[in-house]
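Data block below; observations after.
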Amino acid sequence: MSTDRHVWIVGSSRAEREAAFSTLVTPHARANCHRRLRGPYSGFDRILMSVVPPVHASLPDVVEASRTEITSVAPELEAVIGPPIHTLTSLAPPEERTRFYGLGRTRRLAHGIADFLAEASLRRPDVPLVLSLENVHAADPIEQELIAILLRRLDPSRVRLMVGTTDQELPAELASALGERAVRLEAAPVPRRPRDSSRESLALAYVRADGTCDLPEVRAAYEGTDPYLRARWHDERAQELERREEWSLRMGAIPWHREHGSDPSVAGGEALAAAAGYCMGMGFYSAALDLGRRGRAVIDPAGQPDLYWKISNTVAMAAAVLDGGEEAEAICMELRERYGTPTVHLATSYLLGVLYTRLHPAERRDHHLAKTHMNNALALASQIEDPAERAFRTVFQQNGLALVEMHLGNLEGSRQLVTQGMERLDRELGPGKHQLHRSVLQHNRANVFMAMGLPEEALADFNAVIEADPTYGEYHLDRGTCLRRLGDEDGALADYDTAERLMPPLLELHYNRADLRSSLGDREGAIADFDYVLLMDPDHVDALINRATLRLEAGDVAGALADAQHGLGIDPGNAALTCTLGLVAMERRNLGEARQAFTRSLELDPALHAALSNRAMVAHTEGDHDAALEDLTRALELVGDDPDLLHNRGHVHQSARHWDLAARDYARALELPGASREELVRRLDLCRTEAGLPGALRDSSRPLAPALRGRG
């Protein structure tokens, strides 16, 4: 079979799909992706456990570059390759954890795994990888996201995925990736022999398969078996799996067996709560939500109030991140009705405040209601008896209130709240306590300073927070942006490079660095970063606009045209991309087509000065000086004095023999930074001579450049 595509086998049962796989090729690694086995990365936990050790033995630098991503997906590999890069966030004890990863973290991990597999396959060209992934339809949404990204990014001739599913509907991203990048094969029915096993042995087989067997007679036998016997089997299987001491099993099979065992509310509830808490801390929100909902279903809210409200809080937080907050708000209100304890009302008041100021859909946000909830949380925190706990909880709620004040436009009030919190923690707590939250506060104040237009004050806070938590990559990214605003482009670039080394791939980092490299004249580096942005998000319109411009400058007209056409397929009314079509037409000497594209882009955005200046070039080339002057004058009105635009308008005036007007534009351009001084001086000298004006600057006998200075 051709190796230019991945393989997607569809069949009603796992046995049918595996029979079809066996006729194609023997995989180097295979895995069952059913989420019930090992949670969010059931399949790739096993794949990486097979693939990583030999790569680590021969190419340790390839593994090292993706160590955080690898150990996040397959935690047991820490024993082989070492732990991930730790930060105050990852090291904080649960009671001090006040920062959670953003929703996009799992996509970033997926791109890191794609980088690892791609680089490993390139560095070992003699060993192309074939990876078999079964039960993908039953995988956690996080793993389905990972597989979709790998299908899109990996070259099937180097790393070939063989994906097995039923014909049920799949998530849109995964279905699209399979449809575009894999050849679909239908598995042939496998003859079924009548089973002579007893119902009890079939039921036990279902338990020992950790509930993943898809044979109807096995599931029917399980459901028809005495519940007490089933519960005993689940207990025995859970104990067997716990003895393996493999953490990934505690996110899948172990909690499943415990919730169906003889003690679902206690043993099951505790196992589900532990797994949900871990997934929440790792940013595995879909898994945290699934595990937490199952925990709420088995835990007794009256007999186990602490466990019930804590797992409910986990569900509420995960739901708030994933779906905008309806379920989260409903859970908060249920807990407030069910329990009258200050702890519950404190936690739910804070979460309701965050929902209404940030996480609810825009139409449901209400910053004033959010402030009400945050003030209630503050009032409750102030009543805590223990002085250290009271100080921490009060400062934590103040930080939430600062977020609301920022959204209300009260930046100074936000800054004061954060500053007061920092001072109180320093005053009332020992230096080793709550280091994570102290760093969060300082980082938040730095961002408030940036919003206030005070980058120097922000820089002091960024420096301090990096000193306290030097391996947290986002801090370096934010400081790089601050340094760039202060004009320290070399420092900004160094921070961006450090951030890339410390954290999983982040689209915003590569976009910002591409823009910086472009401004520094590093066209090749800028294109490389935009290439990576578009690997992560092929439909990122702004990256397509910028890469098209850079490709055009580099002489890659076909590449620029491809980017423009791709972008216009996503956003047909994009003025900048339409302008790029005009630039491509100019490069191909098709002036009529160029003029039409520039005119169309100005219909879409009358303030697009690049279209005005380039349409002026077309008009000038065609001898229409009046039209060129009109467009250039309008462009100057939009952007203010600009040396290139003044140079161009002076050139048109000169061509029209408007010597005094040309001289005026050239003289003004010479006063501005970035002007092409030598050429301007010669042109100004010639125009003054022709106009009979005094003040010739240099001998005017040297030839002049005949063309305008184009602007992309």
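For the chain, the longest principal axis of the alpha carbon atoms and the long axis of helix 455-468 meet at an angle near 30°.
The Rg/Rh ratio for the stretch 1-68 is 1.04, where Rg is the radius of gyration of the alpha carbons and Rh is the Kirkwood radius. Along its principal axes, the stretch 444-488 has C-alpha extents of 26, 20, 13 angstrom, given from the largest down.
Note the full-extension length gain between Ala15 and Thr599 as 0.36 nm times their separation in residues minus their Cα-Cα distance, in nm to one decimal. All intermediate terms of the calculation are to be shown ahead of the outcome.
Working: separation 584, 0.36 × 584 = 210.24 nm, distance 6.11 nm.
Using 0.36 nm per residue and subtracting the Cα-Cα distance, I get 204.1 nm.
Positive end of the dipole of the stretch 61-123 (Cβ unit charges, origin at the Cα centre): among Ala114, Ile85, Thr98, the Cα lying farthest that way belongs to Thr98.
Quick one, what does Rg over Rh come out to for the stretch 30-71 if you take C-alpha atoms and the Kirkwood Rh?
Radius of gyration over Kirkwood radius for the stretch 30-71 works out to 1.05.
Restricting the calculation to Cα atoms, the stretch 522-565 yields a radius of gyration followed by a Dmax of 9.3, 25 Å. Straightening the chain between Leu369 and Met452 buys 27.4 nm, computed as 0.36 nm per residue apart minus the Cα-Cα spacing. Under 5 Å from the amide H of Val183 lie the amide H atoms of His6, Val7, Trp8, each residue being 5 or more positions distant or on a separate chain, with H modelled from the backbone and absent for Pro and chain starts. Pairs of alpha carbons in the chain separated by more than 53 Å make up 25% of all such pairs. Couplings 3J(HN,Hα) for the stretch 375-389, derived from phi with the Karplus relation 6.51 cos²θ - 1.76 cosθ + 1.60 (θ = phi - 60°), are 5, 5, 4, 4, 4, 5, 5, 5, 9, 5, 6, 5, x, 5, 5 Hz, where x marks Gly and Pro.
The alpha carbon radius of gyration of the stretch 487-535, expressed as a multiple of 2.2 N^0.38 Å, is 1.04.
Ratio of Rg to Rh for the stretch 635-700, alpha carbon only, Kirkwood?
0.96
Tell me, what % of the accessible area of the chain is carbon and sulfur with a 1.4 angstrom probe? For the chain, the apolar C and S fraction of the accessible surface comes to 50 percent. Placing a pseudo-label 7 Å from each Cα along the Cα-to-Cβ vector at Asp488 and Ala297 gives an inter-label distance of 5.5 nm.
How large is log10 of I(q)/I(0) for the stretch 457-563 at q = 0.13, 0.24 Å⁻¹ when the intensity is taken from the Debye formula with one equal scatterer per alpha-carbon? The Cα Debye sum returns log10 ratios of -0.49, -1.22. Against the chain, whose longest principal axis comes from its Cα atoms, helix 269-282 is set at around 10 degrees.
Scaled against the 2.2 N^0.38 Å expected of a compact globular protein of N residues, the Cα radius of gyration of the stretch 59-145 reads 1.26. Since only Pro572, Asn614, Asn546 are under comparison, the one whose Cα sits farthest along the positive direction of the charge dipole of the chain, derived from C-beta charges on Lys, Arg, Asp and Glu, is Pro572. Sparsely packed loop sites in the stretch 620-670 (the trypsin sites (Lys or Arg not before Pro) outside DSSP H, G, I, E and B with at most 13 other Cβ atoms within 10 Å) comprise Arg657. Of the peptides 96-104, 389-397, 431-439, the ranking by mean beta-carbon count within 10 Å, highest at the top, reads 389-397, 431-439, 96-104. Normalised Debye scattering of the stretch 121-209 at q = 0.13 Å⁻¹ gives log10 I(q)/I(0) of -0.60, counting only Cα atoms as equal scatterers and leaving out solvent. Relative to the Cα centre, the charge distribution of the stretch 212-302, modelled as +1 at Lys and Arg Cβ and -1 at Asp and Glu Cβ, gives a dipole magnitude of about 200 debye.
Tell me, what is the per residue accessible area of the chain in Å², probe radius 1.4 Å? Don't jump to the answer; show the numbers that get you there.
Details: 31040 Å² over 712 residues.
About 44 Å² of surface per residue is accessible.
For helix 591-604, what angle does its Cα long axis make with the longest principal axis of the chain, in degrees from 0 to 90 and rounded to 10? Once rounded, the angle reads 60 degrees. Ranking Leu133, Ala585, Leu454 by Cα position along the charge dipole of the chain, where only Lys, Arg, Asp and Glu carry charges on their C-beta atoms, puts Leu133 farthest toward the positive end. The three principal axes of the C-alpha atoms in the stretch 102-153 carry coordinate ranges of 35, 27, 13 Å, sorted with the longest axis first.
In debye, nearest 20, what is the charge dipole magnitude of the chain about its Cα centre with +1 on Lys and Arg Cβ and -1 on Asp and Glu Cβ, if you could check?
Numbers: 80 positive and 106 negative charges, 165 e Å.
Its charge dipole is roughly 800 debye.
Based on every Cα atom in the stretch 564-681, Rg and the maximum pairwise Cα distance Dmax equal 14.8, 47 Å. Relative to the globular-protein estimate of 2.2 N^0.38 Å, the Cα radius of gyration of the stretch 417-458 stands at 1.22.
Using per-residue counts of other Cβ atoms within 10 Å, averaged over each peptide, order 41-47, 603-609, 681-687 from highest down. Walk me through the intermediate numbers first.
Values: 41-47: 26.9, 603-609: 15.7, 681-687: 22.0.
Order by mean packing, descending: 41-47, 681-687, 603-609.
The values are calculated or read from the model by the stated rules, or taken from the named source; none is laboratory data. Worth saying up front: this structure is predicted, and the values here are computed from it rather than measured. Cβ atoms come from the backbone with ideal geometry, glycine included; neighbour counts cover every protein chain shown. Just the protein is used for accessible areas: all its heavy atoms, side chains included, with ligands, DNA and RNA removed. Shrake-Rupley method; radii C 1.70, N 1.55, O 1.52, S 1.80 Å.
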